[in-house]
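The values are calculated or read from the model by the stated rules, or taken from the named source; none is laboratory data. What you see is a predicted model, and the numbers here were worked out from it, not measured in a lab. Cβ sites come from the backbone with ideal geometry, for glycine too, and all protein chains shown count toward neighbours.
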Amino acid sequence: MAQIQYNKTALLKINKDLSMRENALPVLRSKESALRAETRKVRLKIRELDQKYQQMIKTLVPIERLWVEFPNIVKIDKINFKKKKIASLAVFIIEGIDFNTEVVSFFAYPSWVIQGVEIIKKLLFLKIELINEKKILDSVEYARRKTTQKVNLYQKVQIPFFEESIRKIKRFLEDQDNLSKSSQKVIKNRMEAALA
């Protein structure tokens, strides 16, 4: 940490810094616990989405050889996001996905292609939502790590340093005051002795 100056101005500044950190610490702790809870929620959601996606893939295994005939007519046009705050962290949630389905003559393709379009849309939506939730998890975990680091910095380094600095400065100022009073007494005694 920085070099301490032993004067009243430095004492006031350190007191101000200490009080700011002591006031911020409970807020940071609550933010950290909120981010931990949110991390658990997001992990659970990712697990559920992944299970849903894997289950959907398993149901399609019996007809997988038909997908070779499936035309490339489903494309993602736009992904709509909604901004959401999680413990003062802005994340983007998928609100919906606009698909662009090319117009083709369904007489040229088997009848299951219409159902295949819906299946592809559901699979794509699940996969994109899964990817987005993983990005949210990364953001929340990064913010939680940073908040934990700040809590530890305040709690274990800065607050003890400021408390120790205040104690040292007060001792130094008391010693200076005592020395000043002692020297004044010595001067006063010498002057009285010189006059007598």
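Listing for the model above:
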| item | result |
| --- | --- |
| Qualifying residue in the range 110-118 (condition: aromatic (Phe, Trp, Tyr), closer than 27 Å to Gln55 by Cβ and in a helix (DSSP H, G or I)) | yes |
| Per-region count, the range 65-87, residues under 27 Å from Arg144 (Cα atoms) and either of a type in the set (Lys, Arg) or in a strand (DSSP E or B) (or both) | 7 |
| Residue among Ile57, Ile14 that is over 30 Å from Lys168 (Cβ atoms), of a type outside the set (Ser, Thr, Tyr) and either at pLDDT below 95 or touching a strand residue (DSSP E or B) at 6+ places or on another chain (Cβ under 7 Å) (or both) | Ile57 |
| Candidates Arg65, Arg167 - the one that is of a type outside the set (A, V, I, L, M) and more than 30 Å from Ile4 (Cβ to Cβ) | Arg65 |
| Leading residue by the ranking (nearest to Lys31 (Cα to Cα)) among those in the range 61-113 that are free of Cβ contacts under 8 Å to residues at least 40 places away in the same chain and of a type in the set (Ser, Thr, Tyr) | Thr101 |
| Filtered residues of the range 1-27 (kept if out of contact with any helix residue (DSSP H, G or I) (no Cβ under 8 Å at 6 or more places or on another chain) and in a helix (DSSP H, G or I)) | Thr9, Leu12, Lys13, Lys16, Ser19, Met20, Asn23, Pro26, Val27 |
| Residue check, Tyr142 surrounded by 12 or more Cβ atoms within 10 Å (Cβ to Cβ) and at pLDDT below 85 | no |
| Condition broken by Ser30, with the remaining ones in (1) farther than 30 Å from Glu163 by Cα; (2) part of a helix (DSSP H, G or I); (3) out of contact with any helix residue (DSSP H, G or I) (no Cβ under 9 Å at 6 or more places or on another chain) satisfied | (1) |
| Options Val103, Val151; residue that is loosely packed, with under 11 Cβ neighbours inside 10 Å, of a type outside the set (Lys, Arg) and either under 31 Å from the mean Cα position of the chain (by Cα) or not in a helix (DSSP H, G or I) (or both) | Val103 |
